[in-house]
Amino acid sequence: MTATDLVGRVLAGDPAAERELYDRHVDRVYRLSFRLTGDGELATDCTQETFIRVFGRLETFRGEAALSTWITSIAYSVIYNALRKVKRSRETEVDLEVVDQTAIRAPASRAEPDLKASLAREIDSLPDGYRTVFVMHDVEGYTHEEIATSLGIQAGTSKAQLSRARAKLRRALAAFAGEWVTR
Amino acid sequence: MTDDRLDERLKQEARAYRDPPETPREEIWARVQAARRASPRAERGRQLEFPTTRSTSWRRGGVALAAILLLGVAIGRWTPRLAETPGLAERPVSAARAETVLRFAAVEHLGRVDALLTDYETGRTTADFQATTRALLSRTRLLLDSKRLTDPSMRKLLEDLEVLLMQVAQLPGTGPAEERALIDENLAEQAIRPRLRNAIPSGPAA
């Protein structure tokens, strides 16, 4: 069944079609939510909210983009808002934790034995725009066209942000270059 | 090691970044169903939540604009039902009026966004700048959700503005230089200001 047929059936009130639409897309939404939030509960909440919106707005889907891309654009908006709320609530606290992390992070960036942990930290510290595009493209395998449509940006902007994200990560992880060659 | 090889290696290693566990499909499905049963209107109404801030001229103007938008959306949603009602089918004026109201609301909205971007670019941001940005972001989405707004260039402009406003809304204070550079790049690359001015017949809103 094509996506258009499936949408038609959902709009006609077919509960089996609703479930099928959900099953086809839920993994992709959850994976993106988890990768961008790093929190299982928040990822579950974001996925739930995304599908509530998807079903609520399905009649506005015009088929100009793929259904998966349309759903991703809704998911991104939900995730973005969730992250903003989390960030805002964290900013209101006196954040001793940040001080602790900074103290730990400074020496670790020079002599970190665990490449994956270092890489994860560096990805976390990318500006939001860079991180989103990097995670979507290099980690989750979205194309620049999908990213552009989902985020409402130009494909060129997506490419530029990815390039800058990689450049920042390369610089930050230069110490591991030798290790990468030999592995 | 060349940049390409490093990038390839980076991609390989990055796949382990926040590796997601198995999707809790049934749990999420149950929650989605429960939420939809509990509040069918919530599916559409969430984007109408505006941030609460102290009253300002921006805010008062925003409330008026939101009322116009809601009126336009309501007329837009109501009109097809009228057309389906026997005896009321021949009322194209209602649809035209809905489009006119929405068009007016959209132009008014663009004027406010243009004024906000002027404040952003000149650094003359007030205490409620972020709240205003978020309110404009919500209204941009509200306009985009309207089926009656059919002009493709207007829709494209609103879509581009939505992303831009998202970026501006997440800037804390004056924002890190890198984030501001991205916003400026977005503004320039997509020719946002010239497109805004073209879409506003009589210049930006006061």
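What is the average number of partner chain Cβ atoms found within 10 Å of a Cβ in A:124-130?
4
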Computed over the Cα atoms of the range B:92-134, the Rg and Dmax in Å are 14.8, 46
A:E145 and B:R36 label points (each 7 Å along its Cα→Cβ direction) are spaced in nm at 3.0
Using a 1.4 Å probe on heavy atoms of the protein chains only, the accessible area for A:R164 in Å², nearest 10, reads 80
With label points set 7 Å from each Cα along the Cα-to-Cβ direction at A:S125 and A:A16, the distance between them in nm comes to 5.4
Full extension between A:S89 and A:A175 adds, at 0.36 nm per residue less the Cα distance, a length in nm of 27.4 nm
Surpassing 22 Å at the alpha-carbon level, of the pairs A:K168/B:K11; A:K116/B:K11; A:K159/B:K11; A:K85/B:K11, are A:K85/B:K11
Rounded to one decimal in nm, the spacing of the 7 Å Cα→Cβ label points at A:E41 and B:R5 is 4.6
With every protein chain kept in place and a 1.4 Å probe, the residues B:M166, A:M136 fall, from largest accessible area down, as B:M166, A:M136
The B/A contact buries a total accessible area, at probe radius 1.4 Å and rounded to the nearest 100 Å², of 5600
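The values are calculated or read from the model by the stated rules, or taken from the named source; none is laboratory data. All values reported here derive from a predicted model rather than from experimental measurement. As a convention, Cβ positions derive from the backbone with ideal geometry for all residues, glycine included, and neighbour counts pool all protein chains shown. Each accessible area value is taken on the protein alone, full model and side chains, heavy atoms only, with ligands, DNA and RNA left out. Shrake-Rupley method; radii C 1.70, N 1.55, O 1.52, S 1.80 Å.
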